[in-house]
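*Asks:* Mind having a look at this structure? Questions to follow.
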Amino acid sequence: MSEPVDQARTALTAAPADLLVRRIAGLLDQEYGITDTELLQVDYRLAALLPLTDGEEVTTPGHPAWRCFDHQTPVYADGTGYLPVSMRGERRGVLRVAPVADEGLLAGLAEVATALAHELTAVDPGTDVYRTARRSRRLTLAAEVQWELLPGRSRTRPSFSLAGQLEPAYAVRGDSFDWSDDGERVWTATINGMGEGVAASMLTTLATCALRNARRAGIPLADQAALADQAIYALHRGEQHLATLLLEIDLRSGLLTAVDAGSPRLVLLRDGEVSVQPLEEQFPLGMFEGTLYREQHLQLQRGDRLFMLSDGVVEAAGQNVRYGDSALDRMLRRTGPMSPLDAVRSLLGDLRAFVASDLTDDAVVVCLDWLGPQP
(Lines give C-alpha, C1' and ligand atoms only; values in the text may rest on other atoms or scores of the structure.)
Protein backbone atom coordinates (compact mmCIF):
# COMPACT_ATOMS: atom_id res chain seq x y z
CA MET A 1 0.00 0.00 0.00
CA SER A 2 2.99 2.31 0.42
CA GLU A 3 3.17 3.18 -3.28
CA PRO A 4 -0.47 4.38 -3.51
CA VAL A 5 0.01 6.33 -0.28
CA ASP A 6 3.09 8.02 -1.75
CA GLN A 7 1.10 8.69 -4.90
CA ALA A 8 -1.67 10.22 -2.81
CA ARG A 9 0.74 12.54 -1.02
CA THR A 10 2.23 13.62 -4.36
CA ALA A 11 -1.22 14.19 -5.84
CA LEU A 12 -2.36 16.20 -2.82
CA THR A 13 0.73 18.39 -2.83
CA ALA A 14 0.28 19.20 -6.52
CA ALA A 15 -3.50 19.70 -6.39
CA PRO A 16 -5.18 23.13 -6.25
CA ALA A 17 -6.56 23.83 -2.76
CA ASP A 18 -10.19 23.31 -3.83
CA LEU A 19 -9.57 20.00 -5.64
CA LEU A 20 -7.92 17.87 -2.92
CA VAL A 21 -10.78 15.40 -2.55
CA ARG A 22 -11.32 15.19 -6.31
CA ARG A 23 -7.68 14.27 -6.90
CA ILE A 24 -7.80 11.62 -4.18
CA ALA A 25 -11.02 10.26 -5.71
CA GLY A 26 -9.35 9.94 -9.12
CA LEU A 27 -6.38 8.09 -7.64
CA LEU A 28 -8.57 5.65 -5.66
CA ASP A 29 -10.69 4.97 -8.73
CA GLN A 30 -7.59 4.23 -10.78
CA GLU A 31 -5.90 2.02 -8.19
CA TYR A 32 -8.83 0.24 -6.51
CA GLY A 33 -11.95 0.81 -8.57
CA ILE A 34 -13.39 3.01 -5.82
CA THR A 35 -15.91 5.17 -7.66
CA ASP A 36 -17.55 7.02 -4.74
CA THR A 37 -15.30 9.17 -2.52
CA GLU A 38 -16.76 11.81 -0.23
CA LEU A 39 -15.36 13.95 2.57
CA LEU A 40 -17.70 14.30 5.54
CA GLN A 41 -16.57 17.18 7.77
CA VAL A 42 -17.71 17.59 11.34
CA ASP A 43 -19.66 20.80 11.79
CA TYR A 44 -18.90 23.58 14.27
CA ARG A 45 -21.31 22.15 16.84
CA LEU A 46 -19.88 18.60 16.69
CA ALA A 47 -23.41 17.45 15.87
CA ALA A 48 -23.33 16.59 12.15
CA LEU A 49 -20.99 15.19 9.51
CA LEU A 50 -21.52 17.39 6.46
CA PRO A 51 -20.62 16.34 2.89
CA LEU A 52 -18.20 18.49 0.93
CA THR A 53 -20.28 18.05 -2.23
CA ASP A 54 -24.02 17.52 -2.61
CA GLY A 55 -25.24 14.76 -0.33
CA GLU A 56 -26.99 14.05 2.93
CA GLU A 57 -25.54 15.04 6.27
CA VAL A 58 -25.01 12.32 8.87
CA THR A 59 -26.56 13.02 12.26
CA THR A 60 -27.75 9.58 13.38
CA PRO A 61 -25.85 8.22 16.42
CA GLY A 62 -24.36 4.82 15.69
CA HIS A 63 -24.02 5.45 11.97
CA PRO A 64 -20.76 3.92 10.65
CA ALA A 65 -19.42 7.40 9.87
CA TRP A 66 -19.97 8.48 13.47
CA ARG A 67 -18.43 5.26 14.80
CA CYS A 68 -15.37 6.02 12.71
CA PHE A 69 -15.24 9.61 13.95
CA ASP A 70 -15.82 8.73 17.61
CA HIS A 71 -13.40 5.80 17.84
CA GLN A 72 -10.86 7.13 15.33
CA THR A 73 -10.57 3.78 13.59
CA PRO A 74 -11.58 2.66 10.08
CA VAL A 75 -15.06 1.14 9.84
CA TYR A 76 -16.26 -1.27 7.13
CA ALA A 77 -20.00 -1.59 6.46
CA ASP A 78 -21.82 -3.02 3.45
CA GLY A 79 -18.90 -2.61 1.09
CA THR A 80 -18.21 0.96 2.19
CA GLY A 81 -15.17 2.15 4.09
CA TYR A 82 -15.16 5.03 6.57
CA LEU A 83 -11.73 6.47 7.35
CA PRO A 84 -10.82 9.05 10.04
CA VAL A 85 -9.56 12.32 8.59
CA SER A 86 -7.39 13.45 11.50
CA MET A 87 -3.90 14.76 12.18
CA ARG A 88 -2.07 15.23 15.49
CA GLY A 89 -5.31 14.61 17.34
CA GLU A 90 -7.30 17.21 15.38
CA ARG A 91 -10.42 15.47 14.04
CA ARG A 92 -11.62 17.04 10.80
CA GLY A 93 -14.11 14.39 9.74
CA VAL A 94 -14.43 11.12 7.82
CA LEU A 95 -13.55 10.01 4.30
CA ARG A 96 -16.23 7.70 2.87
CA VAL A 97 -15.10 5.38 0.06
CA ALA A 98 -17.03 2.75 -1.92
CA PRO A 99 -17.07 0.12 -3.17
CA VAL A 100 -14.28 -1.45 -1.11
CA ALA A 101 -13.85 -5.06 -2.18
CA ASP A 102 -11.64 -6.13 0.71
CA GLU A 103 -11.81 -4.95 4.30
CA GLY A 104 -8.07 -5.53 4.48
CA LEU A 105 -7.55 -2.45 2.33
CA LEU A 106 -8.82 -0.15 5.08
CA ALA A 107 -5.50 0.19 6.93
CA GLY A 108 -3.74 1.47 3.84
CA LEU A 109 -6.66 3.68 2.84
CA ALA A 110 -6.59 5.18 6.33
CA GLU A 111 -3.06 6.43 5.59
CA VAL A 112 -4.45 8.21 2.53
CA ALA A 113 -7.12 9.84 4.74
CA THR A 114 -4.42 10.99 7.18
CA ALA A 115 -2.42 12.51 4.31
CA LEU A 116 -5.60 14.31 3.25
CA ALA A 117 -6.05 15.68 6.79
CA HIS A 118 -2.54 17.17 6.77
CA GLU A 119 -3.10 18.80 3.39
CA LEU A 120 -6.53 20.15 4.40
CA THR A 121 -4.91 21.81 7.40
CA ALA A 122 -2.22 23.30 5.18
CA VAL A 123 -4.62 24.83 2.63
CA ASP A 124 -7.40 25.87 5.00
CA PRO A 125 -6.12 29.41 5.67
CA GLY A 126 -6.12 30.19 1.95
CA THR A 127 -9.56 28.94 0.87
CA ASP A 128 -13.13 29.11 2.15
CA VAL A 129 -14.19 25.87 0.43
CA TYR A 130 -13.82 23.61 3.46
CA ARG A 131 -14.92 26.13 6.10
CA THR A 132 -18.10 26.89 4.17
CA ALA A 133 -18.94 23.20 3.74
CA ARG A 134 -18.70 22.40 7.45
CA ARG A 135 -21.42 24.90 8.45
CA SER A 136 -24.98 23.73 8.93
CA ARG A 137 -26.04 27.38 9.15
CA ARG A 138 -24.49 30.83 9.03
CA LEU A 139 -22.17 31.97 11.81
CA THR A 140 -22.73 35.32 13.44
CA LEU A 141 -19.93 37.81 12.87
CA ALA A 142 -18.83 37.50 16.50
CA ALA A 143 -18.68 33.70 16.18
CA GLU A 144 -16.68 34.02 12.97
CA VAL A 145 -14.09 36.05 14.86
CA GLN A 146 -13.93 33.56 17.73
CA TRP A 147 -13.50 30.47 15.55
CA GLU A 148 -10.74 32.17 13.57
CA LEU A 149 -8.85 32.68 16.85
CA LEU A 150 -8.80 29.04 17.93
CA PRO A 151 -5.64 26.90 17.73
CA GLY A 152 -7.79 23.87 16.84
CA ARG A 153 -10.35 21.77 18.64
CA SER A 154 -8.24 18.85 19.84
CA ARG A 155 -4.56 18.01 20.24
CA THR A 156 -2.64 14.86 21.15
CA ARG A 157 0.96 14.33 22.25
CA PRO A 158 2.57 11.43 24.15
CA SER A 159 2.29 13.21 27.50
CA PHE A 160 -1.11 14.88 27.15
CA SER A 161 -4.33 15.03 25.18
CA LEU A 162 -6.71 17.98 25.16
CA ALA A 163 -9.81 19.34 23.48
CA GLY A 164 -12.08 22.36 23.68
CA GLN A 165 -15.43 23.56 22.37
CA LEU A 166 -17.40 26.81 22.22
CA GLU A 167 -21.17 27.10 22.61
CA PRO A 168 -23.47 28.28 21.20
CA ALA A 169 -21.19 27.23 18.35
CA TYR A 170 -22.81 29.37 15.66
CA ALA A 171 -23.40 32.44 17.84
CA VAL A 172 -20.68 32.51 20.54
CA ARG A 173 -19.64 36.03 21.57
CA GLY A 174 -16.95 36.45 24.22
CA ASP A 175 -15.86 33.01 25.48
CA SER A 176 -12.83 31.33 23.92
CA PHE A 177 -9.75 29.21 24.59
CA ASP A 178 -6.17 28.95 23.42
CA TRP A 179 -3.30 26.50 23.77
CA SER A 180 0.25 25.86 22.67
CA ASP A 181 3.08 23.45 23.43
CA ASP A 182 6.80 23.40 22.69
CA GLY A 183 7.68 19.82 23.64
CA GLU A 184 8.66 20.81 27.17
CA ARG A 185 5.53 22.67 28.34
CA VAL A 186 1.91 23.05 27.35
CA TRP A 187 -0.04 26.26 27.98
CA THR A 188 -3.80 26.74 28.01
CA ALA A 189 -5.94 29.84 28.40
CA THR A 190 -9.68 29.64 29.04
CA ILE A 191 -11.36 32.99 28.50
CA ASN A 192 -14.71 34.05 29.93
CA GLY A 193 -15.38 37.27 28.00
CA MET A 194 -17.83 40.02 28.88
CA GLY A 195 -20.18 41.97 26.66
CA GLU A 196 -22.32 41.24 23.64
CA GLY A 197 -21.82 40.66 19.95
CA VAL A 198 -18.78 41.88 18.07
CA ALA A 199 -17.64 44.07 20.98
CA ALA A 200 -17.22 40.94 23.12
CA SER A 201 -15.36 39.06 20.40
CA MET A 202 -12.99 41.98 19.81
CA LEU A 203 -12.18 42.18 23.53
CA THR A 204 -11.40 38.46 23.54
CA THR A 205 -9.27 38.88 20.41
CA LEU A 206 -7.18 41.55 22.11
CA ALA A 207 -6.73 39.38 25.21
CA THR A 208 -5.79 36.28 23.20
CA CYS A 209 -3.25 38.12 21.08
CA ALA A 210 -1.78 39.88 24.13
CA LEU A 211 -1.40 36.56 25.95
CA ARG A 212 0.21 34.95 22.90
CA ASN A 213 2.60 37.87 22.54
CA ALA A 214 3.62 37.59 26.19
CA ARG A 215 3.92 33.79 26.05
CA ARG A 216 6.13 33.96 22.97
CA ALA A 217 8.41 36.35 24.80
CA GLY A 218 9.27 33.45 27.13
CA ILE A 219 8.22 35.15 30.36
CA PRO A 220 6.61 33.48 33.42
CA LEU A 221 2.88 32.84 33.53
CA ALA A 222 2.10 35.59 36.05
CA ASP A 223 3.90 38.14 33.87
CA GLN A 224 1.96 36.95 30.84
CA ALA A 225 -1.24 37.79 32.70
CA ALA A 226 0.15 41.16 33.78
CA LEU A 227 1.11 42.19 30.25
CA ALA A 228 -2.29 41.18 28.86
CA ASP A 229 -3.92 43.07 31.73
CA GLN A 230 -1.96 46.20 30.81
CA ALA A 231 -2.89 45.92 27.13
CA ILE A 232 -6.61 45.70 27.89
CA TYR A 233 -6.54 48.45 30.52
CA ALA A 234 -4.61 50.78 28.20
CA LEU A 235 -7.39 50.55 25.62
CA HIS A 236 -10.51 50.39 27.80
CA ARG A 237 -9.40 52.05 31.09
CA GLY A 238 -11.23 49.49 33.20
CA GLU A 239 -14.59 49.85 31.46
CA GLN A 240 -14.16 46.43 29.83
CA HIS A 241 -12.37 43.44 31.27
CA LEU A 242 -12.47 39.68 31.06
CA ALA A 243 -11.80 36.66 33.22
CA THR A 244 -9.25 34.06 32.24
CA LEU A 245 -7.66 30.95 33.66
CA LEU A 246 -4.04 30.42 32.59
CA LEU A 247 -2.32 27.06 33.00
CA GLU A 248 1.19 25.85 32.25
CA ILE A 249 2.23 22.21 32.64
CA ASP A 250 5.85 21.07 32.72
CA LEU A 251 5.81 17.97 30.50
CA ARG A 252 8.86 16.51 32.24
CA SER A 253 7.39 16.55 35.73
CA GLY A 254 3.64 17.17 35.54
CA LEU A 255 3.92 20.30 37.68
CA LEU A 256 0.99 22.59 36.89
CA THR A 257 1.27 26.35 37.31
CA ALA A 258 -1.97 28.35 37.36
CA VAL A 259 -3.07 31.98 37.38
CA ASP A 260 -6.77 32.53 38.06
CA ALA A 261 -7.65 35.99 36.78
CA GLY A 262 -11.39 35.93 37.33
CA SER A 263 -13.95 33.19 37.12
CA PRO A 264 -13.27 30.16 34.87
CA ARG A 265 -13.35 27.09 37.10
CA LEU A 266 -10.63 24.43 37.27
CA VAL A 267 -11.94 20.95 38.10
CA LEU A 268 -9.81 17.86 38.67
CA LEU A 269 -11.04 14.33 37.96
CA ARG A 270 -8.72 11.90 39.74
CA ASP A 271 -9.48 8.22 40.37
CA GLY A 272 -13.16 8.85 39.65
CA GLU A 273 -13.44 11.69 42.18
CA VAL A 274 -14.31 15.26 41.19
CA SER A 275 -12.78 18.22 43.02
CA VAL A 276 -12.86 21.93 42.30
CA GLN A 277 -9.33 23.27 42.70
CA PRO A 278 -9.12 26.07 45.30
CA LEU A 279 -7.34 28.71 43.24
CA GLU A 280 -6.87 32.28 44.40
CA GLU A 281 -9.34 34.32 42.37
CA GLN A 282 -7.52 37.47 41.28
CA PHE A 283 -8.72 40.49 39.35
CA PRO A 284 -9.93 39.95 35.76
CA LEU A 285 -7.64 41.19 33.01
CA GLY A 286 -8.04 44.90 32.35
CA MET A 287 -10.08 45.76 35.44
CA PHE A 288 -7.41 47.86 37.20
CA GLU A 289 -4.15 49.47 36.20
CA GLY A 290 -0.92 47.68 37.06
CA THR A 291 -2.37 44.52 38.61
CA LEU A 292 0.25 42.03 39.82
CA TYR A 293 -0.67 38.37 39.50
CA ARG A 294 0.45 35.41 41.58
CA GLU A 295 1.04 31.83 40.50
CA GLN A 296 -0.14 28.68 42.23
CA HIS A 297 1.08 25.13 41.75
CA LEU A 298 -0.42 21.65 41.64
CA GLN A 299 1.41 18.36 41.09
CA LEU A 300 -0.45 16.26 38.56
CA GLN A 301 -0.56 12.47 38.72
CA ARG A 302 -0.59 10.16 35.73
CA GLY A 303 -4.19 9.69 34.60
CA ASP A 304 -5.45 13.03 35.95
CA ARG A 305 -8.09 14.83 33.92
CA LEU A 306 -8.57 18.61 34.12
CA PHE A 307 -11.65 20.56 33.06
CA MET A 308 -11.60 24.33 32.53
CA LEU A 309 -15.17 25.64 32.61
CA SER A 310 -16.57 29.11 32.00
CA ASP A 311 -19.50 30.64 33.89
CA GLY A 312 -21.83 29.70 31.05
CA VAL A 313 -21.44 26.05 32.10
CA VAL A 314 -21.48 26.42 35.87
CA GLU A 315 -24.23 29.06 36.06
CA ALA A 316 -26.59 27.60 33.43
CA ALA A 317 -30.04 27.17 34.95
CA GLY A 318 -32.79 24.66 34.35
CA GLN A 319 -36.01 24.69 36.39
CA ASN A 320 -34.44 27.12 38.90
CA VAL A 321 -31.46 24.83 39.56
CA ARG A 322 -27.91 25.62 38.44
CA TYR A 323 -26.10 23.01 36.39
CA GLY A 324 -23.00 23.51 38.54
CA ASP A 325 -24.97 22.71 41.71
CA SER A 326 -26.62 19.50 40.64
CA ALA A 327 -25.65 17.78 37.40
CA LEU A 328 -22.09 18.87 36.67
CA ASP A 329 -20.18 16.52 39.02
CA ARG A 330 -22.23 13.53 37.90
CA MET A 331 -21.50 14.26 34.24
CA LEU A 332 -17.80 14.87 34.84
CA ARG A 333 -17.46 11.45 36.46
CA ARG A 334 -19.24 9.83 33.53
CA THR A 335 -16.65 11.19 31.09
CA GLY A 336 -13.86 9.12 32.64
CA PRO A 337 -13.60 6.50 29.84
CA MET A 338 -14.05 9.07 27.05
CA SER A 339 -11.41 10.88 25.05
CA PRO A 340 -11.15 14.63 25.82
CA LEU A 341 -13.09 15.64 22.69
CA ASP A 342 -15.86 13.15 23.40
CA ALA A 343 -15.92 14.29 27.03
CA VAL A 344 -16.33 17.92 25.97
CA ARG A 345 -19.04 17.06 23.46
CA SER A 346 -20.93 14.88 25.96
CA LEU A 347 -20.73 17.51 28.68
CA LEU A 348 -22.14 20.23 26.45
CA GLY A 349 -24.84 17.88 25.14
CA ASP A 350 -25.85 17.13 28.74
CA LEU A 351 -25.86 20.87 29.48
CA ARG A 352 -28.22 21.55 26.57
CA ALA A 353 -30.51 18.78 27.81
CA PHE A 354 -30.40 20.25 31.33
CA VAL A 355 -31.55 23.69 30.17
CA ALA A 356 -33.97 22.04 27.70
CA SER A 357 -32.90 24.30 24.83
CA ASP A 358 -29.94 25.68 22.96
CA LEU A 359 -27.61 27.69 25.16
CA THR A 360 -28.19 31.43 25.23
CA ASP A 361 -25.16 32.33 27.35
CA ASP A 362 -21.64 31.64 26.11
CA ALA A 363 -20.03 28.47 27.41
CA VAL A 364 -16.53 27.11 26.91
CA VAL A 365 -15.19 23.73 28.03
CA VAL A 366 -11.56 22.63 27.78
CA CYS A 367 -10.53 19.13 28.85
CA LEU A 368 -6.91 18.02 29.33
CA ASP A 369 -5.68 14.52 30.15
CA TRP A 370 -2.26 14.22 31.77
CA LEU A 371 -0.79 10.97 30.47
CA GLY A 372 2.48 11.26 32.38
CA PRO A 373 6.06 12.33 31.66
CA GLN A 374 7.58 10.80 28.54
CA PRO A 375 11.23 9.93 27.88
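The values are calculated or read from the model by the stated rules, or taken from the named source; none is laboratory data. In this text the structure is predicted, and so the values were computed from the model without any measurement. With ideal geometry, Cβ positions are generated from the backbone for all residues, glycine too; neighbour counts draw on all protein chains shown.
*Asks:* So which of 345, 302, 322 ends up being among the charged types (D, E, K, R) and crowded, with 19+ Cβ neighbours inside 10 Å?
*Replies:* Step by step, each of 345, 302, 322 is checked, and only 345 is among the charged types (D, E, K, R) and crowded, with 19+ Cβ neighbours inside 10 Å.
*Asks:* Being more than 22 Å from residue 368 (Cα to Cα) and of a type in the set (Gly, Ala, Ser), is that true of even one residue in region 183-195?
*Replies:* yes
*Asks:* Report whether or not residue 355 is touching a helix residue (DSSP H, G or I) at 6+ places or on another chain (Cβ under 8 Å), more than 19 Å from residue 162 (Cβ to Cβ) and surrounded by 18 or more Cβ atoms within 10 Å (Cβ to Cβ).
*Replies:* In short, no.
*Asks:* Taking the condition of being β-branched (Val, Ile, Thr) and surrounded by fewer than 20 Cβ atoms within 10 Å (Cβ to Cβ), how many residues in region 218-261 meet it?
*Replies:* Final tally of qualifying residues: 2.
*Asks:* Let me spell it out: the conditions are (1) at pLDDT below 95; (2) within 23 Å of residue 11 (Cα to Cα), and residue 114 meets all of them except one. Which number is the exception?
*Replies:* All conditions are met except number (1).
*Asks:* Do the conditions hold for residue 163, that is, is it surrounded by 22 or more Cβ atoms within 10 Å (Cβ to Cβ), farther than 14 Å from residue 248 by Cβ, in the same structural domain as residue 251 (by TED's automatic domain parsing) and over 18 Å from the mean Cα position of the chain (by Cα)?
*Replies:* So residue 163 fails the test.
*Asks:* Looking at the structure I just gave you, is residue 117 surrounded by 20 or more Cβ atoms within 10 Å (Cβ to Cβ), out of contact with any helix residue (DSSP H, G or I) (no Cβ under 7 Å at 6 or more places or on another chain) and under 20 Å from residue 341 (Cα atoms)?
*Replies:* yes
*Asks:* Please state which of the following conditions residue 86 fails to meet, knowing it meets all the rest: (1) crowded, with 17+ Cβ neighbours inside 10 Å; (2) of a type in the set (S, T, N, Q); (3) in the same structural domain as residue 349 (by TED's automatic domain parsing).
*Replies:* Failing condition for residue 86: (3).
The rows are residues; the columns are (1) more than 28 Å from the chain's Cα centre (by Cα); (2) small (Gly, Ala, Ser); (3) within 27 Å of residue 168 (Cβ to Cβ); (4) modelled with pLDDT under 95.
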| site | (1), (2), (3), (4) |
| --- | --- |
| 9 | no, no, no, yes |
| 13 | no, no, no, yes |
| 32 | yes, no, no, yes |
| 48 | no, yes, yes, no |
| 52 | no, no, yes, no |
| 65 | no, yes, yes, no |
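*Asks:* How many residues are surrounded by fewer than 14 Cβ atoms within 10 Å (Cβ to Cβ) and either touching a Phe, Trp or Tyr at 6+ places or on another chain (Cβ under 8 Å) or of a type in the set (Lys, Arg) (or both) if we restrict to region 120-148?
*Replies:* 2
*Asks:* While we're looking at this one, here's another question. I'm told residue 264 meets every condition in (1) buried (at least 16 other Cβ atoms within 10 Å of the Cβ); (2) farther than 22 Å from residue 154 by Cα; (3) at pLDDT below 95; (4) not small (Gly, Ala, Ser) except one. Can you identify the failing condition by its number?
*Replies:* Just one mismatch for residue 264, condition (2).
*Asks:* Filter region 38-71 down to the residues that are surrounded by 15 or more Cβ atoms within 10 Å (Cβ to Cβ) and free of Cβ contacts under 8 Å to residues at least 40 places away in the same chain, then identify the one that is farthest from residue 101 (Cα to Cα).
*Replies:* 58
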